[in-house]
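No lab work stands behind these numbers, since they all come straight from the coordinates. Owing to the predicted nature of the structure, the values given are computational and were not obtained by experimental measurement. Because the Cβ atoms are built from the backbone with ideal geometry, glycine has one as well, and the counts that use them run over all protein chains shown.
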Amino acid sequence: MLTVRLPDDIEERLNTLARTTNRPKSFYVREALERSLEDIEDIYLAEKRLEDIRAGKSKTVTLEEILKRHGMEG
């Protein structure tokens with residue numbers, strides 16, 4: 001179970017959508033999370049990787065190195 005506090009304008013939009021479509025608000029909240037959660041995870045993962053690179057904990061690899069490693073140079 002999760003409780004979420006929404007800004008009034010978002011809450012009203014969600015209420016209107018739920019009334020108009022005869023679906024519960026939770027349906028749309030769940031759908032919005034499913035659609036955006038992967039993008040949010042990708043952003044945080046990219047930020048973490050960048051921190052690791054800047055801190056010297058991870059190394060970068062050039063495109064040329066990747067192509068050569070997989071026999072695709074040319």
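Details
- The chain: most fluctuating residue of GLU12, GLU47, GLU64 per GNM, C-alpha cutoff 10 Å: GLU64
- DSSP loop trypsin sites (Lys or Arg not before Pro) with at most 11 other Cβ within 10 Å: longest gap in the chain: 6-56
- For the chain, size of Cβ-based charge dipole, Lys and Arg +1, Asp and Glu -1, in debye: 200
- Size descriptor for the chain, Kirkwood hydrodynamic radius: 16.5 Å (Cα pairs only, one decimal).
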